[in-house]
Amino acid sequence: LLWSSAAMLTYDTRILIILFILSMIIFKLSKVQLKEIRYVLMLILFFLLLNNIAIYLFSPQEGVKIYGSSHELFSIYGRYNLTLEQLFYQFNVTLKYFVVTPVALLFIITTHPSEFAASLNKIGISYKISIAVSLALRYLPDIQRDFRTISQVQQARGVDFSKNEKITK
């Protein structure tokens with residue numbers, strides 16, 4: 001929680017880069033295989049892309065407002081112009097994702113749901129919420145296992161689920 005809070009509360013790029021380097025070192029030391037978390041990483045990257053697009057579409061001058069200057073690179077249309085400040089702001093937002101993601105994934109991988117629920121309850125969060133979180137965390141691996149089982153059964157029946165086949169077929 002402290003790691004995420006530090007990353008989310010600051011826009012100081014130097015601090016974010018230090019946290020990013022530390023999170024990469026921690027992730028490397030954990031020896032977690034990327035294939036174990038590939039799906040989650042792809043989902044996070046998709047939401048990162050979606051977030052960056054939404055930031056620019058809904059607030060293309062947010063960087064200019066935050067940093068108080070405007071160095072326009074080129075104009076697109078109307079209020080949509082690309083500035084160095086906007087690029088820097090969106091770089092910081094992206095960096096925040098890269099700081100929090102490895103540590104959050106390690107937390108999820110290494111924490112047993114019932115221990116996490118007990119910890120939540122111990123710090124004063126209601127028992128009902130703690131149990132709901134625990135059940136949700138226990139349910140995700142079940143969904144993944146069921147998906148793999150169904151996929152393998154369908155493949156045994158001759159239905160191709162590989163990347164070579166179109167999803168509509």
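Computed from the coordinates by the stated procedures, all read-outs in this text should not be read as laboratory data. The structure displayed is predicted, hence computed values, not measured ones. Backbone-built Cβ (ideal geometry, glycine too); neighbour counts: all protein chains shown.
Summary of the geometry: region 63-132 and region 31-49, compared by the centres of their Cα atoms, lie 15 Å apart.
Suppose a student asked you for the relative contact order of the chain, using Cα pairs under 8 Å spaced at least 6 residues apart; what percent would you report?
Taking the mean separation of contacting Cα pairs over the length of the chain, I get 21 percent.
Taking the C-alpha atoms only, the angle from helix 13-30 to the longest principal axis of the chain is near 20 degrees. The convex hull around the C-alpha trace of region 1-110, projected and averaged over every direction, spans 7.7 square nanometres.
Using only Cα atoms and rounding to the nearest 10 degrees, what angle (0 to 90) does helix 84-110 make with the longest principal axis of the chain? Helix 84-110 sits at roughly 20 degrees to that axis. Both radii were evaluated on the Cα set of region 103-159; the Rg over Rh quotient, with Rh as the Kirkwood radius, amounts to 1.21.
Here the label points at Ser4 and Asn92, each 7 Å from Cα along the C-beta direction, are separated by 2.1 nm in the simple model.
The length gained on full extension between Thr13 and Arg38, counted as 0.36 nm times the residue separation minus their Cα-Cα distance, comes to 6.3 nm. At the listed q of 0.25 Å⁻¹, the Debye profile of region 13-73, built from one uniform point per Cα, gives log10 I(q)/I(0) equal to -1.07. Working from Cα positions, state the angle (0 to 90°, nearest 10) between the long axis of helix 127-156 and the longest principal axis of the chain. On a 0 to 90 degree scale, this one is about 70.
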